[in-house]
Amino acid sequence: MVTKTWSPSSWRGKPISHVPEYPDAAALARVEAQLRSSPPLVFAGEARNLMGALGQVAEGKAFLLQGGDCAESFAEFHPDSIRDTLRVILQMAVVLTFAAAMPVVKVGRIAGQFAKPRSEPTETRDGKTLTSYRGDCINGMDFNETARTPDPARLLQAYGQSASTLNLLRALAHGGFADLHNVHRWTLGFVAGSPASERYRALAERITETLDFMAACGITAEAVPHLRSVDFYTSHEALLLPYEEALTRMDTTGECFDTGAHFVWIGDRTRSLDGAHIEFVRGIKNPIGLKCGPSMAPDELLRLIDVLNPDDLAGRLTLICRFGADKAAEKLPKLLRAVTREGRKVVWSCDPMHGNTIKSGTGYKTRPFERVLKEVRTNFEIHRADGTHAGGIHLELTGKNVTECLGGAQAIRDEDLSSRYHTHCDPRLNASQALELAFLMAESLRAERLRTPSFAATA
């Protein structure tokens, strides 16, 4: 039962799952106290701005692009990785903006995405059982007792890395790196080198012509500074509630914001109506997300919407649907029609990653690009048929040339996975696959705008 009163700590009286048991409770309390006295990572005004932008998405006037690492790591923390992830998101955004003729809200899974729920609390190898790896902010990947023991000090390292990441993101987003012309030049390089370049060249050339026309009209980065910068927001799963509570602050209006990120979401495994995670996010004023998996029933979703967005604020709640390519056609319409029937204002976003994970013949966890594309295609077709807005996409991706997902124009094969399989948890689209998906989505966004059939079968 949801209680009427809320505080940043009221979740502590609720059932909770997918959180670690720290062997040293006193050490955890000291870390929480240190985090409570640390500066916020983001500000209430920024979260409100994102809420406004997502409100436009809910009204069908913008599109949400959310992407980044499955799980950030301490060992691979490097400015080049941050830059490359931002670059591929910016490239995708330009393609999608042009195709949809509407703003694209850019949100990274970055600067805080360190904790992951796991299917099993323990892992057994060669007869030895240890706690599962839960993300670098909780424990380590190495299979030994020391590494797998949850350590509160890791929370401080996660906070510090998030602060550094945000500093660099802000500098890149507003310091000229995100110049529209720079981003398009990078995209032209991708098109020229892609095995599917002929398919993408026409759209790239139309963008070039548009930029040339703008320049001829005097609309340049020098004349319009906005063309040299972007609004870029951060997000992560609100899984480790001691960390989220410690970074929750009350602003001058008396409202509480989780200042660890602009946007946080609740996963499909922690969305219990009476659970601690729903209790925490219902009271913060950030825009929030809710993962909707195959087990989500329409009545359950409506009850959760009542709790998470009782005032029906546009932009407050994003429904991140992750059914799998073979289940989306059955599951999405039931939820979509129930929410539409009740007239609730939500952002509909498609997560085509988490429902399409398989184990390859060589033993690697992977995601076939064709299954990812199929779920995206199905998502757009269902929304178009119902006259609703396919409002966003939620991807696990990296700017690096990894080999973690099968297929795409690069034709990554099962035997290729081992060459550059670097993820700490789930497989990510590499930069080429992410951009390829953006070009293919552009066809559907343009079709939604024109209300014509789209997404011709890929070769």
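The values are calculated or read from the model by the stated rules, or taken from the named source; none is laboratory data. Computed from a prediction, not measured in an experiment: that's the story for all the values here. Here Cβ is always computed from backbone atoms with ideal geometry, including for glycine, and neighbour counts include all displayed protein chains. Note: areas computed on protein heavy atoms with side chains; ligands, DNA, RNA excluded. Shrake-Rupley method; radii C 1.70, N 1.55, O 1.52, S 1.80 Å.
For segment 273-392, the solvent-accessible area with a 1.4 angstrom probe is 34 square angstrom per residue. For the cross-link pairs Lys61/Lys345; Lys291/Lys334; Lys61/Lys106; Lys327/Lys374; Lys365/Lys400; Lys14/Lys327, the ones whose C-alpha atoms lie over 20 Å apart are Lys14/Lys327.
Stretching Ser197 away from His422 to a fully extended chain increases their span by 78.3 nm, per 0.36 nm per residue minus the current alpha-carbon distance.
Among the protein heavy atoms of the chain, carbon and sulfur supply 52% of the accessible surface, probe 1.4 Å, non-protein parts ignored. Here the simple spin-label model places points 7 Å from the Cα toward Cβ, and for Arg125 and Thr253 these points are separated by 4.9 nm. Entry note, the chain: relative contact order of 22 percent, from Cα contacts under 8 Å with a spacing of 6+ residues. Amide H to amide H distances under 5 Å link Gly391 with Trp348, where only residues 5 or more positions off or on other chains count and H is placed in the peptide plane. Summing Lys, Arg as +1 and Asp, Glu as -1, what charge do residues with Cβ under 14 Å from the Cβ of Ser162 carry, Ser162 excluded? Local net charge: -3.
Estimated purely from DSSP H runs of n ≥ 4, each contributing -39500 (n - 2.57), the mean residue ellipticity at 222 nm for the chain is -13000 deg cm²/dmol once divided by its residues. Residues in segment 16-124 average 40 Å² of solvent-accessible surface per residue, probe 1.4 Å, ligands and nucleic acids excluded. Over segment 269-376, the hull volume per residue, using the convex hull of the C-alpha atoms, is 111 Å³. Using only Cα atoms and rounding to the nearest 10 degrees, what angle (0 to 90) does helix 369-386 make with the longest principal axis of the chain? Once rounded, one gets 80 degrees. For segment 26-38, the Karplus equation 6.51 cos²θ - 1.76 cosθ + 1.60, evaluated at θ = phi - 60°, returns couplings of 5, 5, 4, 4, 5, 5, 4, 5, 5, 5, 4, 9, 8 Hz by residue, with Gly and Pro reported as x. Between Asn401 and Ser164, residue separation times 0.36 nm minus the direct Cα-Cα distance comes to 83.0 nm. Computed over the alpha-carbon atoms, segment 51-104 gives an Rg to Rh ratio of 1.09, Rh here being the Kirkwood radius from the mean inverse distance.
How would you classify segment 194-290 from its alpha-carbon gyration tensor, with a ≥ b ≥ c the square roots of the eigenvalues: rounded for a/c under 1.5, else prolate if a/b is greater than b/c, otherwise oblate? Here segment 194-290 falls in the oblate category. Other residues within the sphere of radius under 12 Å centred on the Cβ of Pro298, judged by their own Cβ, net out at +3 (K and R +1, D and E -1).
Structural size metrics of the chain, computed from C-alpha coordinates, are Rg and Dmax of 21.4, 71 Å. Potential lengthening of the chain between Asp274 and Glu415 amounts to 46.3 nm, from the contour at 0.36 nm per residue minus the alpha-carbon distance.
State the Cα centre-to-centre distance between segment 241-313 and segment 55-77 in whole Å. Cα centres, segment 241-313 to segment 55-77: 17 Å.
On the principal axes of its alpha carbon atoms, segment 6-104 extends 53, 37, 28 Å, with the longest extent given first.
Taking label positions 7 Å along the Cα-Cβ direction at both Met214 and Asp299, the computed distance is 5.1 nm, reported to one decimal. From the largest down, segment 106-238 spans 68, 35, 20 angstrom on the principal axes of its Cα atoms.
Once the Cβ-Cβ distance of Leu156 and Leu313 is raised to the sixth power relative to R0 = 25 Å, the FRET efficiency obtained is 0.15. Let a ≥ b ≥ c be the square roots of the eigenvalues of the Cα gyration tensor of segment 64-183; is it rounded (a/c under 1.5), or, if not, prolate (a/b larger than b/c) or oblate? In terms of gyration-tensor shape, prolate.
Value of Rg to Rh for segment 260-314, rounded to two decimals, is 0.93; Kirkwood radius and Rg both from alpha-carbon coordinates. Placing a pseudo-label 7 Å from each Cα along the Cα-to-Cβ vector at Ala33 and Trp186 gives an inter-label distance of 4.4 nm. Averaged per residue, segment 191-271 has 43 square angstrom of accessible surface, using a 1.4 angstrom probe with ligands and nucleic acids left out.
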